[in-house]
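Report on the structure given below.
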Amino acid sequence: MGDARRPIGIFDSGLGGLTVYKALRSLLPAEDLIYFGDTARVPYGTKSPEAVIAFSKEIAAFLLARRIKLLVVACNTASSLALEEIRRVSPVPVLGVIAPGVEAALAAAPRGGRVLVTGTTATVNSRAYSRALEAAGARVRVLEKACPLFVPIVEEGWCGKPVAAAVAREYLGPFRGRGIDALILGCTHYPLLKKVIARVMGPRTRIVDSAQAAAAQARRELERRGLLNPGRAGRSEFVVSDAPERFSLLARRLLGIKTGKVSVKRF
Ligand code: DGL
């Protein structure tokens, strides 16, 4: 099989990474995609760096054995904590969601502006986004806020309910009116709350979806390496570590994705 015809591997702690899958699918319709969701061990956002690194390396090895041409770490927590470790053992390029999110935020925030990073507790504690913004030489002021209740609200299908708006106000209300130019949705689930978050922040703040930004970067990377699949309709395969029916049901309910048969790989 020519390298360009190989699949792209994507993984997440569970189903949230389907926001990245969906962005990839629409931007790269000819690519074969293998999505792995670690539904047995989700959430990663409350776990230690050691655990997240160990899980991520196991999943990367599983996907690499499927002869993928590119690995996309869709999970912000795994991208924050395990990207370097995965890169060290991967013979294929590995993309995370942090760098694309940072790039998109910098396009939205002027020099001297303010960027608010939202994410899981583990992502915020890692300061991965702040460090990436600093490394990019960005002269912006970075604020960070963990919003752990957003994940269960999304998974419950409550994005449009008053509780979602109330929780968003509680977490983010204090940042309104503080000159935030860009807010990074630094967690797989948060793009599903984009409207609610935008309403709390007000019109001044640009909401940066790292899922979209990551998909755009994956396309650029494949183009640059001459690895775009020349075929037409790419296939999608879904693998989880537990509860495939729930995964399938929520994929359809939350994101309108029809997964077909979901297989199980236990570690
Ligand atoms: N996928 C995780 C992330 O993007 C959110 C869910 C979890 O905590 O595992 O950070």
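The values are calculated or read from the model by the stated rules, or taken from the named source; none is laboratory data. This structure is a prediction, so every number in the text was calculated from the model and none was measured. Here the Cβ is made from the backbone with ideal geometry for all residues, glycine too, and neighbour counts use every protein chain on show. Just the protein is used for accessible areas: all its heavy atoms, side chains included, with ligands, DNA and RNA removed. Shrake-Rupley method; radii C 1.70, N 1.55, O 1.52, S 1.80 Å.
Does the range 151-168 contain at least one residue that is within 15 Å of Ala105 (Cα to Cα) and open to solvent by less than 80 Å² (accessible area, probe 1.4 Å)? No: the range 151-168 contains no residue that is within 15 Å of Ala105 (Cα to Cα) and open to solvent by less than 80 Å² (accessible area, probe 1.4 Å).
Once the range 98-133 is narrowed to residues that are modelled with pLDDT of 95 or more and part of a loop (DSSP other than H, G, I, E, B), the residue that is most open to solvent (accessible area, probe 1.4 Å) is Arg127. Looking at the range 134-147, is at least one residue more than 13 Å from Leu185 (Cα to Cα), touching a Gly at 6+ places or on another chain (Cβ under 9 Å) and open to solvent by less than 20 Å² (accessible area, probe 1.4 Å)? Taking every residue of the range 134-147 in turn, none turns out to be more than 13 Å from Leu185 (Cα to Cα), touching a Gly at 6+ places or on another chain (Cβ under 9 Å) and open to solvent by less than 20 Å² (accessible area, probe 1.4 Å). Checking each residue in the range 185-206 for being within 16 Å of the ligand (Cβ to nearest atom) and in contact with a Leu (Cβ under 7 Å, 6 or more places away or on another chain) picks out Pro191, Leu192, Lys194, Ile197. Selection of the range 134-169 for residues being within 15 Å of the ligand (Cβ to nearest atom) and assigned to a helix (DSSP H, G or I) yields Phe150, Val151, Pro152, Ile153, Val154, Glu155. Can you tell me which residues in the range 80-95 are open to solvent by less than 10 Å² (accessible area, probe 1.4 Å) and within 14 Å of the ligand (Cβ to nearest atom)? Ala82, the sole residue that qualifies. Would you pick out the residues in the range 57-79 that are closer than 18 Å to Thr19 by Cα and within 15 Å of the ligand (Cβ to nearest atom)? Within the range 57-79, Val72, Val73, Ala74, Cys75, Asn76, Thr77, Ala78, Ser79 qualify. How about the range 1-21: which of its residues are over 11 Å from the mean Cα position of the chain (by Cα) and open to solvent by 10 Å² or more (accessible area, probe 1.4 Å)? Selection gives Met1, Gly2, Asp3, Ala4, Arg5, Arg6, Pro7. When the range 193-215 is filtered for residues that are free of Cβ contacts under 8 Å to residues at least 60 places away in the same chain and open to solvent by 20 Å² or more (accessible area, probe 1.4 Å), the ones remaining, listed by number, are Lys194, Lys195, Ala198, Arg199, Pro203, Arg204, Ile207. The condition of being open to solvent by less than 40 Å² (accessible area, probe 1.4 Å), over 18 Å from the mean Cα position of the chain (by Cα), under 25 Å from Tyr44 (Cβ atoms) and away from the ligand (no atom under 16 Å from the Cβ) holds for only one of Leu249, Leu227, Leu172, that being Leu172.
Taking first residues from the range 30-46 that are under 22 Å from Glu223 (Cβ atoms) and partners that are near the ligand (Cβ under 9 Å from one of its atoms) and part of a loop (DSSP other than H, G, I, E, B), the Cβ contacts under 9 Å between residues at least 6 apart in sequence or on separate chains come to Tyr35/Gly17; Tyr35/Ala74. Across the range 26-41, which residue is farthest from the ligand (Cβ to nearest atom) among those that are open to solvent by less than 60 Å² (accessible area, probe 1.4 Å) and in a loop (DSSP other than H, G, I, E, B)? That would be Ala30.
In the range 58-65 there is no residue matching the filter, namely being in a loop (DSSP other than H, G, I, E, B), over 15 Å from Ala218 (Cα atoms) and at pLDDT below 95. Search the range 48-67 for residues that are under 17 Å from Ile10 (Cβ atoms) and pair each with any residue that is among the hydrophobic types (A, V, I, L, M, F, W, C) and surrounded by fewer than 16 Cβ atoms within 10 Å (Cβ to Cβ) when their beta-carbon atoms are under 6 Å apart and the residues are at least 6 apart or on different chains. From residues that are under 17 Å from Ile10 (Cβ atoms), the pairs are Glu58/Phe267.
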